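To keep things clear, I will list the structure first and then write my remarks on it.
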Amino acid sequence: MDHPSVVLAPRKSSAVASYVPGLVLVGVITASAYGLRHLPFFSALSPMISAIFVGMLFANTVGFSPEANAGLGIAGKKLLRLAVALLGLQLTFGQLASIGVTGLAVAAAALVLTFSFTVWMGRVLGIDRKLALLLAAGTSVCGASAIAGANAVAKADDEDVSYAVACITLFGTIAMFLYPLLQAILGLDPYEYGLWIGLSVHEVAQVVGAGFQGGEVAGQTAVVAKLARVMMLAPLVVGIAALAAIPADASLPRKGMQVIPTFIVGFLLLTMLNSSGLVPEQLRAPIVVVTPVLLTAAMGALGLGTNLSKLRRRGFRPLVVSGLATLFIATVGLGLVTLMK
């Protein structure tokens, strides 16, 4: 009678141990991504972006044992959802007050229009719907973080995630250097320029880089406008979950869908708690520090799962969609800012 318990104990221990190789590898990639911040050019990129590229490079040159797959799966899925939920502790509803109701309405309009345009353009150019959803989320909301959140419900291939991040990085970096040159040409004052940056540049780090080149007022306005877009990640992910549940072939039955993903519920609850001031700073501060590390680890895991030969098969059409989407949100954002004058 004692024999089954003797067998079960090693199995449980073995199951836990199976995650160790992958998690250790993800830890190395994460540390490398943070180390790259001290090098020229890479200092302008967020560690999340560096991690996915380092992971891709490692997986497609050095390679790793299949024993790491279990740990990579945990980091690329469950850890990702946890990190997105914890982003709620970095936001408060009060932060949005400085741009007012009009500013929030403008941010929502830019997001909805850009997302819809990107998905439509993806359909026109015949790219995979899940990849189009990731490109739309990354462009309209907040770059790699939005792609990560969207993928938690879209469940695209790792290659799609890597492609989307690469596109967002490319066009977001171009915008970061180009926008400051356009401020004087377009005749924008610091507030208008900052609002335009916050409404249309992809990554938070890129928004900070471009925004503060226009001065303190421009930089602060850009960050608040960007936070407004980040806050809209929750309803957007719910919408993406609904879209992902609709089969590409109309003749197929509709997939089952969780109305609101659990991690988005967590995101909203933590945002409300943070807004109310009920979260002790001694608890909140370390979580705020750890959250981008968790996101970086998750993106590193996705990079490790990317096969470059599969990535090349996506072709140039998704890159074209991303470029057009970037131009679209820049134009729409500028138009909305002009209307607010």
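With all pairs of different alpha carbon atoms counted, what Kirkwood hydrodynamic radius in Å does the chain show? Provide the component values of the computation, followed by the final result.
Numbers: mean 1/r = 0.0483 Å⁻¹.
Roughly 20.7 Å, rounded to one decimal.
Simple spin-label estimate for Leu82 and Thr338 gives 4.8 nm between the two label positions (7 Å along the Cα-to-Cβ direction from each Cα).
So what's the gap between the Cα centers of the stretch 129-162 and the stretch 182-240, to the nearest angstrom? One Cα centre to the other: 20 Å.
For the residues Thr262, Thr173, a 1.4 Å probe over the protein chains yields an accessible-area ranking, largest first, of Thr262, Thr173. Shown here: the stretch 104-209, whose C-alpha atoms stretch 42, 24, 24 Å along the first, second and third principal axes, sorted largest to smallest. Looking at the chain, the accessible area is 46 square angstrom per residue; that uses a 1.4 Å probe and ignores ligands, DNA and RNA.
The sum of -39500 (n - 2.57) across all DSSP H runs of n ≥ 4, divided by the residue count of the chain, sets its helix-only mean residue ellipticity at 222 nm to -23500 deg cm²/dmol. Once you keep just the Cα pairs under 8 angstrom separated by 6 or more residues, what percentage relative contact order results for the chain? With pairs under 8 Å counted, the relative contact order is 31 percent. Please report the carbon-and-sulfur percent of the accessible area for the chain; probe 1.4 Å, protein heavy atoms only, DNA, RNA and ligands left out. Carbon with sulfur: 71 percent of the solvent-accessible area. Site pair Leu269 and Asn69 shows an inter-label distance of 3.4 nm when each label is modelled 7 Å from Cα along Cα→Cβ.
Could you calculate the contour length gain from Gln282 to Phe316, that is, 0.36 nm times the residue separation minus the distance between their Cα atoms, to one decimal place in nm? If you can, show how the numbers build up before the last one.
Details: separation 34, 0.36 × 34 = 12.24 nm, distance 4.76 nm.
Value of the extension gain: 7.5 nm.
Based on the Cβ-Cβ distance from Glu216 to Leu182, what FRET efficiency comes out when R0 is 25 Å, to the nearest 0.05? Calculated transfer efficiency: 0.80.
Note on the chain: dipole from Cβ charges, positive end direction compared against Leu86, Ser46, Leu188; the farthest Cα belongs to Leu86. Here the contact order of the stretch 23-85, divided by its residue count and restricted to Cα pairs under 8 Å and six or more residues apart, works out to 35 percent.
For the chain, modelled as a GNM with alpha-carbon contacts under 10 angstrom, which of Gly88, Gly323, Gly63 fluctuates the most? It is Gly63.
About its Cα centre, the dipole of the stretch 98-189 is roughly 200 debye, where the only charges are +1 on Lys and Arg Cβ and -1 on Asp and Glu Cβ.
Taking the Cα centre of the chain as reference, the dipole from Cβ charges on Lys and Arg (+1) and Asp and Glu (-1) amounts to some 660 debye. Hydrophobic long helices, here whole DSSP H runs in the chain with Kyte-Doolittle means of at least -1.0 and Cα atoms spread over 24 Å or more along the helix axis, are found at 100-124, 158-186, 281-304, 317-339.
Applying 1/(1 + (r/R0)^6) with r as the Cβ-Cβ distance of Val238 and Thr331 and R0 = 35 angstrom yields a FRET efficiency of 0.80.
Tell me, in nm to one decimal, what length is gained between Ala108 and Trp120 on full extension, where the rule is 0.36 nm per residue of separation less the Cα-Cα distance?
Details: separation 12, 0.36 × 12 = 4.32 nm, distance 1.82 nm.
Going from the current span to full extension adds 2.5 nm.
Within the listed set Asp189, Asp128, Asp160, the residue fluctuating most in the Gaussian network model of the chain (springs between alpha-carbon atoms under 10 angstrom) is Asp189.
For the stretch 20-161, what relative contact order do you get, as a whole percent, if you take Cα pairs closer than 8 Å and at least 6 residues apart? Numbers along the way, then the final one.
Values: 105 pairs, mean separation 27.8, N = 142.
This gives 20 percent for the stretch 20-161.
Restricting attention to the chain, the count of lysine pairs at 8 or more positions apart or across chains with alpha carbons under 27 Å apart stands at 21. The solvent-accessible area of Leu82, taken with every protein chain present and a 1.4 Å probe, is close to 90 Å².
The values are calculated or read from the model by the stated rules, or taken from the named source; none is laboratory data. Given the structure is predicted, the values throughout are model-derived calculations rather than measurements. Here Cβ is always computed from backbone atoms with ideal geometry, including for glycine, and neighbour counts include all displayed protein chains. Areas reflect the complete protein model, heavy atoms only, side chains present, ligands, DNA and RNA absent. Shrake-Rupley method; radii C 1.70, N 1.55, O 1.52, S 1.80 Å.
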